[in-house]
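Engineer: To start, I am sharing the structure in question, which I have written as structure tokens.
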Amino acid sequence: MTVLADSTACRVEILSGLNAKAPAAILIHGHDSCLLLDAGGALEAGADSGWVLPQIPDAVLLSHDHVDHCAALHQVPEGVPVYATAPVAAGLQDRPDIRLLPLQGSIEIAGITVTTGQAGHSLGGVWLHLALGDGVFYSGDFSLESTLFALDTPPPAALALLDASYGLYDRAQQACRAELEPWLERPLLLPVPPSGRALEMALWLNDRPDCDWTLDDPCRRQLDLLQSLPPGLLQPGVAERLARLKPQPFGDDVPIILAANPDGVGGEAGRIIAQQAQQAQRAVLYTGYMPSVAQAQVDSGRAHWLRWNVHPRLSDVLQLAEVLDARRVVPLFSRLDPLEAWQQALGSRLLMQNLIEI
């Protein structure tokens, strides 16, 4: 379903991410300009992003550095400025037109005032508030449960485009941790995204007595980066907890290993899976989204899966909508199935259109 809009009206055009676990790509038209929010690449290695640009935007704004939000920047012509926070920009060295977004603050981009705040999901990840109409809010990916990353309170917005990656799921992080506890009694590999839950899980492991664990090099680099940030950009007390992290020297003999590459392909995680998991020497436990390679490992019994929350539960989506005082809410990055449950949860606020007048 599409809400038709006059060509001169301010409007939102969702290119990808509506009613599907799909890359993020959203065009914002307003004040005679056009902004692209995120340029997400496919979740499967080698696959197409699934979206095309109907026009060249005046700028691209990246919410964070995960592949489904930034890995299709090559689809945007060079010369179009790309705005990202400093931690995200550091990983975009092959793009010559990078400009900085504040982690917390306001900036004018192509005539539109954009306010940012931390989204609680990943290092350098932000939500975006655009001063169009009565306010347009885009969460990118967000979390209200992170013990590592802060989530800043946003200003009101009539239209809210919210991460709903977990669909109707509503289980608390405490319950997830309790389910993970028994796995820590055996040699274990946890493939993790370094800029996401890797160090949050490290903090959890470090608080456990007699728990020997280690990080691979990409995760250690993220630890160094977080320790260089101003303490105010993390949850209260986290800077001190990070300073107390004592991972073992990396080696295959360490019982619990946190290693980069959440699909288990390449890097230390892939090597360990290849060398050890086949002989059942070490359990492989995924805790987030699994591309087909990882899913095949789980389906065959060579790996396992338990969730560690890094996206919002349904109650979190509803809570953020209330904080925003949103009159219209578009849940993103998940199938809205069953639709009746979403209609019950959000009522008349629920929108499922890909073209929306502001």
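Engineer: Quote to one decimal, in nm, the extra length available between residue 325 and residue 210 on full extension: 0.36 nm per residue of separation minus the C-alpha distance between them. Before the final figure, lay out each step's value.
Structural biologist: Values: separation 115, 0.36 × 115 = 41.40 nm, distance 4.65 nm.
The span from residue 325 to residue 210 would gain 36.7 nm if fully extended.
Engineer: Now for a different question. Mind jotting down the distance between the C-alpha centroids of segment 285-358 and segment 231-253, whole Å?
Structural biologist: Cα centroid of segment 231-253 versus Cα centroid of segment 285-358: 29 Å apart.
Engineer: May I ask you to derive the relative contact order of segment 173-305, considering only C-alpha pairs under 8 Å and at least 6 residues apart, and to give it as an integer percent? Mind dumping the intermediate values first?
Structural biologist: On the way: 176 pairs, mean separation 45.2, N = 133.
Rounded, it is 34 percent for segment 173-305.
Engineer: Further question on the same structure: Restricting attention to segment 1-109, which trypsin sites (Lys or Arg not before Pro) occupy a DSSP loop and are surrounded by at most 15 other Cβ atoms within 10 Å? All intermediate terms of the calculation are to be shown ahead of the outcome.
Structural biologist: Values: sites: 11, 21, 99; in loops: 21.
Passing sites in segment 1-109 are 21.
Engineer: Extension gain residue 353-residue 224, at 0.36 nm per residue separation less the Cα-Cα distance, in nm? Display every interim value, and only then the final one.
Structural biologist: Working: separation 129, 0.36 × 129 = 46.44 nm, distance 4.25 nm.
Working it through step by step, the gained length comes to 42.2 nm.
Engineer: Same structure, new question: Hull surface divided by four, with the convex hull built on the Cα atoms of the chain: how many nm²? Intermediate values should be presented prior to the final figure.
Structural biologist: Numbers: hull surface 69.3 nm².
Answer in nm², one decimal: 17.3.
Engineer: For 257, 56, 109, which order do you get if you count the other beta carbons within 10 Å of each Cβ and list the fewest first?
Structural biologist: Numbers: 257 28, 56 11, 109 19.
Going from least to most buried by this count: 56, 109, 257.
Engineer: Then there is this: Report relative contact order for the chain in percent, whole number only (criteria: Cα-Cα under 8 Å, sequence separation at least 6).
Structural biologist: Working: 791 pairs, mean separation 76.5, N = 358.
Over the chain, the number comes to 21 percent.
Laboratory data are not the source of any read-out in this text; all were calculated from the coordinates shown. This is a predicted model, so every value here is computed, not measured. So basically every Cβ, Gly included, is an ideal-geometry build from the backbone, and we count neighbours across all protein chains shown.
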